[in-house]
């Protein structure tokens, strides 16, 4: 992204001006502060959708009556389910995402292209990136839940210590008061 001489640095860095206005005494004297912050734009790490892998002469397309899913009686009557077979590899993809045949055709072609891309380069394909992201999200959620659990355990321990100290104090007061009453008699 940056070359060692520093020539391309200014082209890749964006500058944002942040202005803070304090409304409390602004009718007397406006208090504002301005800061200029440099930001580097993030690159999209997702690879593009691979539609170029699917050639029309290599596909066998069949329309089937879809029997399950949303759509009611209409889905049982129409041939809206699409089944694509990639003839060179033998990969079969079926799609019944919606009631529309055109939308299902488009979606089936996308799914077939993703599967073909996964066959060609399994580590850098779109599905691999999505799986990696999902795994990172799952790990961060589990770490968060573990942190919450540890924090709640600490709270419970500190509460129990406080309750124990409070109970000890109450019992001391009780014994002191009972001793005083016996001495008075």
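Bear in mind these aren't lab numbers, they're just calculated from the coordinates by the rules spelled out. Computed from a prediction, not measured in an experiment: that's the story for all the values here. So basically every Cβ, Gly included, is an ideal-geometry build from the backbone, and we count neighbours across all protein chains shown.
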statement: A correct fewest-to-most ranking of 91, 75 by other Cβ atoms within 10 Å would be 91, 75
- prompt: So, in nm, how far is label residue 136 from label residue 57 when the simple model puts each one 7 Å beyond its Cα toward the Cβ?
  reply: 4.2 nm
statement: Distance in nm between residue 103 and residue 124 label points, each 7 Å along Cα→Cβ, equals 3.5 nm
